[in-house]
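These notes concern the structure reproduced below.
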Amino acid sequence: MTGNHTAQEPKHKRDVTRRKVVVAGAGAVAAVGVGGTLAAGAFADGSGDSGTDTTAETCYKLTSETTEGPYYIDADKIRQDITEDKEGIPLVLNLKVIDSETCKPIRNAAVDIWHCDALGIYSGYESLSTGGGGGAPPTDAPSGEPTGEPPSGAPSGGTGGGVHEEPTDDERYLRGTWKTDKQGRVTFRTIFPGWYRGRTVHIHTKVHVDGEWTDAGYEGGTTCHTGQFFFDEESVLASAEVEPYATSTTERTTLTEDTIYDQSGTTGGLLKLKYSKKNIAKGVVGSITMGVDPDATNTGT
């Protein structure tokens with residue numbers, strides 16, 4: 001990720017400095033279907049205001065670094081709406097990136113997010129994902145009981161952790177990259193993620209700095225943060241009552257059981273959520289401020 005690549009590095013790492021990608025739907029916002037009123041309204045005016053003042057977050061702590069997981073695909077889609085045709089509860093994700101030492105916003109950073117669909121399937125890896133169908137699902141969680149310590153060792157299922165898997169298909173739903181504005185803010189539109197065996201509900205993220213935005217996309221720079229966002233149990237239990245999440249047959253790992261989440265709240269990636277307690281299907285708005293060290297290199301591998 002640093003640009004100082006060697007011949008021994010895997011191809012997907014050597015290609016990181018060549019982030020020339022086709023800008024897909026940069027100005028488009030796809031419909032999310034019936035019931036997306038709350039989330040759609042939060043996104044439409046560009047502010048994505050969830051009612052949470054993320055500027056009030058403490059910024060003297062670094063946001064926790066976590067594993068990249070096996071299913072990262074580098075900057076394939078430069079877009080804010082990553083939903084495509086996937087069914088699920090509409091989710092607007094309002095992120096802010098700040099320098100954890102100075103508290104100043106980091107502008108023009110490239111922020112990646114990616115996650116599984118409502119039934120635990122990752123795009124690009126559908127043949128490796130069995131989601132709610134049982135079997136050997138994707139997982140980036142090590143086996144064993146949660147310890148609160150950084151995960152190590154081989155994950156259950158034989159893949160995961162920092163071991164990158166090459167994509168098995170051309171699907172790219174629920175993946176996207178966008179740049180932060182002058183206030184360090186970026187907004188994505190997606191769906192509430194589902195779950196799969198061994199992991200709690202989560203979204204992956206990376207923050208890249210010092211690269212160049214061009215007509216072709218984003219290239220160069222370094223990865224200063226690799227993390228994951230998490231959802232409180234109340235919201236996940238509510239989502240599990242809604243189709244298609246309700247059809248999942250996969251045993252769910254709770255937030256306190258997860259081996260990646262460090263139980264530190266906002267610093268560990270726990271999102272602040274806003275939604276109708278009576279009807280989560282209308283949509284969810286999630287927000288968080290990420291305190292990062294722009295001079296660090298954290299690839300998550």
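Structure notes:
- For segment 203-271, the set of GluC sites (Glu not before Pro) satisfying both a DSSP loop assignment and a count of at most 10 other C-beta atoms within 10 Å is given as GLU241, GLU251.
- For CYS103, the solvent-accessible surface computed with a 1.4 Å probe is close to 60 Å², ligands and nucleic acids excluded.
- For segment 176-236: rounded, prolate or oblate by the Cα gyration tensor [a/c cutoff 1.5]: prolate
- Estimated FRET transfer efficiency when R0 is 22 angstrom, pair ALA216-THR301 (beta carbons, to 0.05): 0.30
- For VAL284, distant residues with modelled amide H under 5 Å away: ALA39, LEU91, VAL92
- In sequence order, segment 204-215 has phi-based couplings of 8, 8, 9, 10, 10, 10, 6, x, 10, 8, 10, 4 Hz under the Karplus curve 6.51 cos²θ - 1.76 cosθ + 1.60, θ = phi - 60°, and Gly or Pro positions carry x.
- Estimated at the nearest 10 Å², the accessible area of THR247 is 70 Å² with a 1.4 Å probe.
- Take 289-298, 171-180, 197-206 and order them by the average number of nearby Cβ atoms within 10 Å per residue, most first; the result is 197-206, 171-180, 289-298.
- Here the simple spin-label model places points 7 Å from the Cα toward Cβ, and for LYS179 and GLU257 these points are separated by 4.3 nm.
- Whole-Hz Karplus values for segment 286-301 come out as x, 9, 6, 9, 9, x, 10, 9, x, 8, 8, 10, 10, 7, x, 9 Hz, taken residue by residue from phi with 6.51 cos²θ - 1.76 cosθ + 1.60 and θ = phi - 60°; glycine and proline positions read x.
- Violating pairs (Cα-Cα greater than 20 angstrom) within the set LYS179/LYS277; LYS179/LYS206; LYS61/LYS104; LYS206/LYS277: LYS179/LYS277; LYS206/LYS277
The values are calculated or read from the model by the stated rules, or taken from the named source; none is laboratory data. Quick caveat, the model's predicted, so the values are computed rather than measured. When we count neighbours, we look across all protein chains shown, and the Cβ atoms used for this are built from the backbone with ideal geometry, even at glycine. Remember, those area values only see protein heavy atoms, side chains included, never the ligands or the DNA or RNA. Shrake-Rupley method; radii C 1.70, N 1.55, O 1.52, S 1.80 Å.
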